[in-house]
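Since every read-out is calculated from the coordinates, none of them should be taken as a lab result. What you see is a predicted model, and the numbers here were worked out from it, not measured in a lab. Cβ placement follows ideal geometry from the backbone for every residue including glycine, while neighbour counts extend to all protein chains displayed.
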Amino acid sequence: MADTGPKRVGFLDEEGGRVPARVDSPPIDHSEDYHGSEGEREKESLAHAEPEHSAPSVDLERRRTLCEAIGVENLPVFNVQDRDPETLAEARALVDRIKKKYGFVEPDRGNIDNPSINWRGGRKPDYTIANLQYLLGKTKNHKPGSLELIVENLVKKWEMEATHKLFHEWETVNHSKYTVQANGGKVFSADEACWVGNYNWLLDAVNKDYYDNSKETFESSHGRFRYAFLEGFPWEVLEVFSGPPRVAFSWRHWAVFSGEYQTIKGHGQTVTMTGFGMILIEDMKVSKMDIYYKPDDFFEVLLGKREVQELGETGAAHGEPLILKMAKREGSGCPFHPYTSTDKEEHRDSSVNG
């Protein structure tokens, strides 16, 4: 079906005004929304999950501060599903600029260029825009070789496989023992987990008025969040408390709510949730994964039941992106958030080497 959702809403000029995006850009390719499995799943459509869209909202202040921090005049609003070569080249240039300026590295999701992989949707994913949003919003920059970085990359590779590869081709899990569970609820077997998809087992116990996984498929669940979080849904490890075989860690998941969820339109606010995870590693493969967090609080922001600032009362992290903190330390300043000695004390635990 024709795509009615926006892909890029253009650039912000020096006064914060909108400069339209190119009009010759092709429609968004939604092939990655059709995550077919070995059988009939290839034929399933997302038509029932696709809402009508207006232009996405943008937090102008946030984008201005990021522009100043990375030294660019404009920061495009990229849609994570966009596969236009020129758009990806723009995103790649920003990724490379950030990496060079701040010493960041992109996530390692393994060899996605392997031609033998049978990708869901028929082609490999492109993580350029997803990586850009991760670099722009992450609060930690783990040292190379650290347990935190190893665990973060393991989970990112697992998520890539769960989203884009057929189960028999996953390399991150023990296929005969693999189970997953969220908040002490139902234990999903390997067959169940790969069939329903990550969103549906992770949200199994959430308030059904907020998200009813009994009415969602693998495909529709991904579509629902892609239309809410047009720029992506980044994830990072905060801290690792124990190493293999039982890995215990805290994590952060965030997104710019510039699309819509259940007809509620976002206005560019950054919505964050944090949680705790435990992974059992056997023979360097994931045998069991347990995730703990409070999804209801997150959904209440998406549904307009509470303001994003109220998440601070629920224990959710509100760490400032490293890019902004580092820019302040370099003396570049920020016209909207003056850097004070109090800020230094509050953010000491989230240093560059966090």
Under 5 Å from the placed amide H of Val286, counting only residues 5+ away or on other chains, we find Val173, Asn174
Trypsin sites (Lys or Arg not before Pro) within the stretch 240-307: which are DSSP loop residues with at most 16 other Cβ atoms inside 10 Å? Lys305, Arg306
Would you please give the residues with an amide H less than 5 Å from that of Gln269, counting only those at least 5 places away or on a separate chain, with H modeled from the backbone geometry? Phe257
From the phi angles alone, apply the Karplus equation (6.51, -1.76, 1.60; θ = phi - 60°) to the stretch 244-256 and give each ³J(HN,Hα) in whole Hz, x where the residue is Gly or Pro. x, x, 9, 8, 10, 8, 9, 9, 9, 10, 8, 7, 8
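Assuming a viscosity of 1.002 mPa s and a temperature of 20 °C, what translational diffusion coefficient in µm² per second does Stokes-Einstein assign to the stretch 167-279, Rh being the Kirkwood radius over Cα pairs?
Answer, rounded: 137 µm²/s.
Take the alpha-carbon positions of the stretch 147-228, form their convex hull, and give its projected area averaged over all directions (one quarter of the hull surface) in nm². Kindly include the intermediate steps, with their values, before the conclusion.
Numbers: hull surface 24.9 nm².
Orientation-averaged projected area of the Cα hull: 6.2 nm².
Given the pairs Lys186/Lys265; Lys100/Lys165; Lys99/Lys156; Lys100/Lys140; Lys138/Lys328, which are separated by over 21 angstrom at their Cα positions?
From the list (Lys186/Lys265; Lys100/Lys165; Lys99/Lys156; Lys100/Lys140; Lys138/Lys328), the Cα-Cα distance tops 21 Å for Lys186/Lys265; Lys100/Lys165.
Under unit Cβ charges (Lys, Arg +1; Asp, Glu -1), what dipole magnitude, rounded to 20 debye, does the stretch 52-183 have relative to its Cα centre?
Details: 20 positive and 20 negative charges, 78 e Å.
The dipole magnitude comes to about 380 debye.
Kirkwood hydrodynamic radius for the stretch 57-182: how many Å is it when counted over pairs of different Cα atoms?
Numbers: mean 1/r = 0.0603 Å⁻¹.
Here the Kirkwood hydrodynamic radius works out to 16.6 Å.
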Karplus-derived 3J(HN,Hα), 6.51/-1.76/1.60, for each residue of the stretch 97-107, Hz, glycine and proline x: 5, 5, 4, 5, 6, 10, x, 6, 10, 7, x
Provide the per-residue ³J(HN,Hα) series for the stretch 257-273, in order, calculated from phi with Karplus coefficients 6.51, -1.76, 1.60 and θ = phi - 60°, each as a whole number of Hz, with x at glycine and proline positions. 7, 10, x, 8, 9, 6, 6, 8, 8, x, 10, x, 6, 8, 9, 10, 9
What one gets for the stretch 122-164 as the Kirkwood radius, inverse of mean 1/r over different Cα pairs in Å, is 11.8
Going by amide H atoms built from the backbone, whose H comes under 5 Å of the H on Leu75, apart from near neighbours? Leu12
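So, counting K/R as plus one and D/E as minus one, what does the shell of residues with Cβ under 11 Å around Asn114 add up to?
Working: positive: Lys124, Lys165; negative: Asp113, Glu169, Glu171.
Computed value for this residue: -1.
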